[in-house]
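Here's the structure we're looking at; comments come further down.
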Amino acid sequence: MSGMEQGDYDVIVAGAGPAGLAAAALCAEQGLRTAIVTGPVNPFEKRHDPRTIALMRPSVKLLEHLELFEPLKPVSNPLRKLRLVDDTGGIFTAPTVTFNAREAGWDAFGWNIPLEDLHPALAEKAKELGVEFIRDSATGVGPERKRIARLKLESGDELSAPVVIAADGRNSRVRGSASMVMLRHDYDQVALGCFFDHSAPHDDMSTEYHKPQGPFTTVPMPGRRSSLVWMVKPEKAREIMQLRPEQLARRIQIESHGDLGRISSPTELKSFPMQTMVAHDFAKDRVILVGEAAHAVPPIGAQGLNMSLRDAALAAELIGDAFAFGDDWGGEKVMHEYDRIRRRDVFPRKMAIHVVNTALLSNFLPYQMVRAGAITLAAKVPFIRDIIMRQGLAPSNEHVPRIMREEEMAGAA
C-alpha cells in the first residue's frame, strides 16, 4: 500500500482466547504478517475448564475451514435437539417446547465442544499458519502515527501494525486506552459449571430448565455424560459450592427431574459472575474489538462464543480483503464496515437475552405473561419455530462472514 509506513506486523492481536486465536489464524492464512500477544495464560496448555461451547452451524463451518472440526469430534457431541422447560412455578407457565434440527432439514444444530480442548487446538492451528506468539501482556495503544497503530506491552516494548485486534477480554486494557466505551449491566447472578455422568441417555439433546433464579442447562457430551451451566443468585451459589460431590449429584438429579437418570461423578464446580456488556463502538482508530472485549452476555441460548467467532471471522475477512486490494486494512472504511455489520448482529441478541433473563428474575406478572406467551408461540406456531431456529441458531448471511455461511456448508451457492 503506497504512502504507508511499514509496521512490525500487518496485524497484531491482543489476547489469546478462542476469538483472538481464530482471528489471528484467519489473518495469517491470508498472507498477513500476524502476531498475537498472549497475556499471562499459555494458550497451548490444556487447563481444566468445566465450560463447554455449543457451537452452532456457522461456527462449526469456521472450524471445518481451519481443519479443526474432525480432530475435535471425538471429545464433542452433536446437538440434535434443544428443549425449553418452564420450571419457574409461576402463575403463567409455558408448555415444554423441543426444537429438532430435522425440522430445519439439518442433521444437528451444532456441536458441543469442551473449551479445554478447543483453546489449545486453535493455538496450534494459529502457530501452524505462521502466527508469531509473544508472551507478554498488552497495556494499551499509543497515538496513531503515519497510519500505524502502536501497541504498548507490559515489558515496556512497543509493537506496531496498521491494525490492532483487541481480544483481551471483558476488562480489555486495549479498549480502555482507545477510549472505547463499554455499556455494562451486572446481574445479581452467578453461573456455576461442571461435568457429570448419568445413567440415562441424553439423546443428543440440550435442555434449558427455566427456574426462578435463572436457567439450569444440561448439554450433552460423548457417552452418558453432560455439562451443566446453572445460573443462580450469589448466596445460593455459595451454598451449592459447599456441597460434597454426592450431595451435588443428588441436587442435579432433582433439578433435572430425573430426566437423565441417576447422576454421578460431578466435577468441581466453577463459578462465573453474570453481566451483559456491549461496546458503544466495535471499531475505531485502527482498533477492532472482538469477543468479550466487544460484548459479553449470560449463557442463554448459546450465543456468546458464537457471536465472538463471527467477530473474529469478519475482522479477518475485512482486513484480508483490503490487504488483497492494496487498500488501508486498518483505515476508516474497514472500521466502519465492521462496526455496522457486528452492531446489527450483536445488539438484537444482547437485548433478547437480557429480556429473557430479566423475565425469569422478575416477579412482575406482565413479564411472566410475555415470557410464557413467547414460548407458547414457539411451541405451537411453525412459522415462529422456524424463525427461532434459522435466525437464533443459524443467523442470516447478512451477519455471517463468508467462510461461515450456510450455503458453503451445504455445498450449494
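Summary table below
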| item | result |
| --- | --- |
| Complete set of residues in the stretch 79-109 that are within 19 Å of F195 (Cα to Cα) and either in a loop (DSSP other than H, G, I, E, B) or within 15 Å of the chain's Cα centre (by Cα) (or both) | none |
| Restricting the stretch 239-290 to residues that are part of a helix (DSSP H, G or I) and under 26 Å from the mean Cα position of the chain (by Cα), the residue that is surrounded by the fewest Cβ atoms within 10 Å (Cβ to Cβ) | M241 |
| Any hit, the stretch 230-241, residues being under 21 Å from M56 (Cβ atoms) and not assigned by TED's automatic domain parsing to the domain that holds V141 | yes |
| Residues being surrounded by 24 or more Cβ atoms within 10 Å (Cβ to Cβ) and part of a helix (DSSP H, G or I) - total across the stretch 308-332 | 10 |
| Unique residue being of a type in the set (S, T, N, Q) and either touching a residue at least 40 places away in the same chain (Cβ under 8 Å) or closer than 21 Å to K333 by Cα (or both) when the list is S177, S160 | S160 |
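Residues checked against (1) buried (at least 18 other Cβ atoms within 10 Å of the Cβ); (2) in the same structural domain as V346 (by TED's automatic domain parsing); (3) on the phi < 0 side of the Ramachandran plot:
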residue: A138; (1), (2), (3): yes, yes, yes
residue: A149; (1), (2), (3): yes, yes, yes
residue: D157; (1), (2), (3): no, yes, yes
residue: P162; (1), (2), (3): yes, yes, yes
residue: I165; (1), (2), (3): yes, yes, yes
residue: G169; (1), (2), (3): yes, yes, no
residue: F196; (1), (2), (3): yes, no, yes
residue: P201; (1), (2), (3): no, no, yes
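The values are calculated or read from the model by the stated rules, or taken from the named source; none is laboratory data. These numbers were taken from a predicted model, which means no experiment stands behind them. Using ideal geometry, Cβ is built from the backbone for each residue, glycine included, and neighbour counts are taken over all protein chains shown.
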